[in-house]
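Below is one structure; the comments refer to it alone.
The values are calculated or read from the model by the stated rules, or taken from the named source; none is laboratory data. Everything quoted here is computed from the prediction, not taken from an experiment. Please note: Cβ atoms are built from the backbone with ideal geometry, for glycine as well, and neighbour counts cover all protein chains shown.
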Amino acid sequence: MSRRLLAFLLSELDTIRLICQNPACNGIAEFATTKLALGNHQCRFCGFSFMPPTGTMTPLDVLGKAILAVQGIKDRVEVELIIPDKAP
Ligand SMILES: [Zn+2]
């Protein structure tokens, strides 16, 4: 049985941290959730693309807009995110 390590409401989320997965960079940039959907398509440090290799979907735009949309209905539903503790 796993224990709950951390749980928080999506409505409490106000900062997103993007961690570049270019091994030569691994730069970290923080954004207000209200700013995530504003064209974060590449690493601000090395220019590594955050876009999928094919297609035109902009995942970070979609995530930013989804977070704001769900936060906008918190008087109707709260979304709680839970990170389980997988330690024995
Ligand atoms: Zn980078």
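Overview of results
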| read-out | value |
| --- | --- |
| Candidate set from the range 50-61 (those that are within 12 Å of L18 (Cβ to Cβ) and out of contact with any His (no Cβ under 6 Å at 6 or more places or on another chain)); member that is nearest to the ligand (Cβ to nearest atom) | L60 |
| Residues of the range 37-49 classified as surrounded by 13 or more Cβ atoms within 10 Å (Cβ to Cβ), more than 9 Å from the ligand (Cβ to nearest atom) and at pLDDT 90 or above, total | 0 |
| Subset of the range 50-62 [among the aliphatic types (A, V, I, L, M) and exposed (fewer than 13 other Cβ atoms within 10 Å of the Cβ)] | M57, V62 |
| Total residues in the range 1-50, condition among the aromatic types (F, W, Y) and touching a Leu at 6+ places or on another chain (Cβ under 8 Å) | 3 |
| I67 being touching a residue at least 12 places away in the same chain (Cβ under 8 Å), more than 16 Å from the ligand (Cβ to nearest atom) and not in a helix (DSSP H, G or I) | no |
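Per-residue answers, yes or no, for (1) under 14 Å from the mean Cα position of the chain (by Cα); (2) not in a strand (DSSP E or B); (3) not polar (S, T, N, Q):
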residue	(1), (2), (3)
R17	yes, no, yes
A24	no, yes, yes
E30	yes, no, yes
A37	yes, yes, yes
N40	yes, yes, no
P52	no, yes, yes
L60	yes, yes, yes
I73	no, yes, yes
L81	yes, no, yes
